[in-house]
C-alpha cells in the first residue's frame, strides 16, 4: 500500500522546471484524499521559490515533509535539511542513528549553510539569467539541434548528428 506522494521541485529530469502552485494544491488534495504523506524533494527548492516568486511558508503549509539541499545553487559546501512535524523529525533521527548517519562538530559547516541561506538565495536569479543567456547563445549555433528553454538553472540541449560528441566535450 502506498504511503507517500513525493514530488521534486524543481524537476531535475524536467530541465529545472517548476510546478505551478495550483498543481501543488491539486496534488496536496489527492494526498489528503488518500491518506498519503505529501513529501517534497526540494533539493533545488530555492530555485523554484526565486523563479516563481513564492514564499517558503507557502511550501511549509502544503507539504508534510520537505528535504532541501544547501549546496545546490546556494553554495554551502555540503549539507541538507529535513523539515517536518516534531514526530516525523524524531522518527527520522532514530532512523539516521540506526544506519550510522550524523555528524559531530558540524558548526563550521552549519555556519557556511546559514551564510548561504542568508546571502545566496536572491542571487539564484543570476543563475537563471545565465542559463537563459546560454540557451540563447546555443540556439544560434549551427551544431546545436535543439535547446529546451530553461525556467531555472538547468539547461538541456541536443547536438546535431554530424557534431562529434567527443570533439564537443574535449573543446
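Laboratory data are not the source of any read-out in this text; all were calculated from the coordinates shown. Worth saying up front: this structure is predicted, and the values here are computed from it rather than measured. We place every Cβ from the backbone using ideal geometry, glycine too, and count neighbours over all the protein chains shown.
A few remarks follow.
- Global geometry of the stretch 1-95, whether rounded, prolate or oblate, following the gyration tensor of its Cα atoms and the 1.5 cut on a/c: oblate
- Between residue 34 and residue 108, the simple label model (points 7 Å from Cα in the Cβ direction) yields a spacing of 4.6 nm.
- Computed FRET value (nearest 0.05) for residue 119 with residue 87, which takes r as the C-beta separation and R₀ as 30 Å: 0.35
- Going by neighbour counts of Cβ atoms within 10 Å, the residues 90, 128 line up, fewest first, as 90, 128.
- Choice from 43, 125, 29 showing the highest fluctuation, given a GNM over the chain with Cα pairs closer than 10 Å: 29
- Backbone N under 13 Å from the residue 26 label point (7 Å along Cα→Cβ), restricted to the stretch 1-16: none
- Stokes-Einstein D in µm²/s, Kirkwood radius over Cα pairs - the stretch 43-117 at 4 °C with 1.567 mPa s viscosity: 95 µm²/s
- Taking every C-alpha pair closer than 8 Å and separated by at least 6 residues, the mean separation divided by the residue count of the stretch 75-171 gives a relative contact order of 20 percent.
- Span from the the stretch 94-170 Cα centroid across to the the stretch 33-87 one, whole angstrom: 17 Å
- Candidates 74, 45, 159, ranked by Gaussian network fluctuation over the chain, Cα under 10 Å, top entry: 159
- Ranked for footprinting exposure by Cβ neighbours inside 10 Å, fewest first, 81, 144 give 81, 144.
- Surface/4 of the Cα convex hull for the stretch 124-170, nm²: 3.4 nm²
- Scattering profile of the stretch 66-156 at q = 0.10 Å⁻¹ [log10 I(q)/I(0), Debye over alpha-carbon scatterers]: -0.44
- Selected from 16, 158, 73 as most flexible by GNM, with the chain as the system and alpha-carbon contacts under 10 Å: 158
- D (Stokes-Einstein, µm²/s), Kirkwood Cα radius, the chain, 1.002 mPa s at 20 °C: 117 µm²/s
- Ellipticity at 222 nm from helices only: DSSP H runs of n ≥ 4 in the chain, each -39500 (n - 2.57), divided by the residue count, give -13500 deg cm²/dmol.
- Cα→Cβ-extended label distance, 7 Å offset, between residue 163 and residue 62, nm: 3.4 nm
- Relative contact order %, the stretch 124-170, counting alpha carbon pairs below 8 Å whose residues are six or more apart: 32 percent
- Relative contact order of the stretch 4-119, taken over Cα pairs closer than 8 Å and 6 or more residues apart, is 21 percent.
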